[in-house]
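Shown next, in structure tokens, is the structure this report addresses.
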Amino acid sequence: MRYEIMQPGAFAFLKVQLEAGESIKAESDAMMAMSGNIKVEGKMEGGMLGGLARKFLSGESLFFQHLTAQGQAGEAVLAPPIPGDVSAYELTGNTLCITSGGFLAAEESVKIETKMQNLGKGLFSGAGLFVVKASGTGTLFFNSFGAIYPLELQVGEEMVVDTGHLVAWDADMNYKVTKASSGIMSSLTSGEMLVCKFTGPGKVYTQSRNPGSFGCWVGGIIPSQG
């Protein structure tokens, strides 16, 4: 499989070149365009229970699109539902955690499942109680709201990430949820409440826009009825 991330930045999308018989799985409704010889099938990853878990626990689609090049090589163009960037990640037997709505596509060899976080982390990390975990070997693609900014942490290095800007992180990283400031009043007046403090080694992927803040901004400029 060969791929190219087109228009990286605010409105990125993914172009994949598949050899004859080669497949890729993607989020439902991700297909933007494809060659005439590409076959599309809807399948549940992990069976009925796995599909239901993704749908109702992590907010992902019940079915994945499976796109297969038949007879000869073909091209598929995939796009996320929100404006933002797309990033590729190479799995080599490790696991990547992805926040709700962040998974876009992956090679067939990549296992996608929904896992429950620690209760405290799930409720307050901004990632949700359930996250998508991608594991195995192969190329994975995820998307963000805004640009993707990776943070590479060395052993013992700490980095604080606003919960609304968190996209993905290496599953074996240590992190905890804490207040942005030592005092409640400082947290309230600064606009920063809960944050995730990650400790290296590992990589954390952040997004340049906060969906919650954007929603509040939109709500503030829409005229109220009456």
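Bear in mind that the values in this text are calculations on the coordinates, not laboratory data. On a predicted model such as this, the values are computed, not experimentally measured, just so you know. FYI the Cβ positions are ideal-geometry reconstructions off the backbone, even for glycines, and counts take in every protein chain you see.
Between Ala20 and Thr137, the contour length at 0.36 nm per residue exceeds the alpha carbon distance by 40.1 nm. With K and R counted +1 and D and E -1, the other residues having a Cβ less than 12 Å from that of Glu75 yield a net charge of -1. Full extension of the chain between Met6 and Ile221 yields a length gain of 74.2 nm, computed as 0.36 nm times the residue separation minus the alpha carbon distance.
If R0 is taken as 35 Å, the Cβ-Cβ distance between Tyr149 and Gln70 corresponds to a FRET efficiency of 0.35. Counting Lys +1, Arg +1, Asp -1, Glu -1, what net charge surrounds Ala12 among other residues with beta carbon under 14 Å of its beta carbon? Residues near Ala12 contribute 0 overall. Listed from fewest to most Cβ neighbours within 10 Å, the set Val132, Val177, Val160, Val218 follows the order Val218, Val160, Val177, Val132. Residue order for Arg2, Arg209, fewest other beta carbons within 10 angstrom first, comes to Arg2, Arg209. Going from the residue with the fewest nearby Cβ atoms within 10 Å to the one with the most, Leu78, Leu140, Leu91 rank Leu91, Leu140, Leu78. Length gained on full extension, Ile82 to Glu157: 23.8 nm, using 0.36 nm per residue less the C-alpha separation. Straight Cα distances below 13 angstrom link Lys179 to the aspartates and glutamates Asp162, Glu192, with same-chain residues fewer than 8 positions distant left out.
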